[in-house]
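Read through the structure below, which is laid out as structure tokens, and then see the notes.
No lab work stands behind these numbers, since they all come straight from the coordinates. Bear in mind the structure is a predicted one, so any value in this text is a computation, not a measurement. Heads up, the Cβs are rebuilt from the backbone with ideal geometry, glycines too, and the neighbour counts pull from every protein chain shown.
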Amino acid sequence: MLSYKFDTKISDKGTFSIHLESDLYGQELEITIVPKKIKKIEKQKATEFVKKWAGFLKNTDTDRDKYEYLMRKQQ
């Protein structure tokens, strides 16, 4: 079953509008309303980012891992 997703806002009067494809004209629809969750993004200073992620791949032989991955992929 084909489904459509629309992002819209309910007005202060409690109404909303969506623009449907013409192939849906005259058909019965089931409408589900799911409120969006607003994600609050915390701003982080560059020094805090570096402190958190510094040394994340320290002492890791990424070249060897890349080589082994490519060899397995080519088999």
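Hey, got a sec? Which trypsin sites (Lys or Arg not before Pro) in segment 1-58 land in a DSSP loop and have at most 13 other Cβ atoms within 10 Å?
On the way: sites: Lys5, Lys9, Lys13, Lys36, Lys37, Lys39, Lys40, Lys43, Lys45, Lys51, Lys52, Lys58; in loops: Lys5, Lys9, Lys13, Lys36, Lys37, Lys39, Lys40, Lys43, Lys45, Lys58.
Sites meeting the loop and neighbour criteria: Lys5, Lys9, Lys13, Lys36, Lys37, Lys39, Lys40, Lys43, Lys45, Lys58.
Which of rounded, prolate or oblate describes the chain when judged by the alpha-carbon gyration tensor and an a/c cut-off of 1.5?
It comes out oblate by the Cα gyration axes.
Just to confirm the filter: which GluC sites (Glu not before Pro) across the chain are DSSP coil and have at most 10 other Cβ within 10 angstrom of their Cβ?
Here the sparse-neighbourhood loop sites are Glu21, Glu28, Glu30, Glu42.
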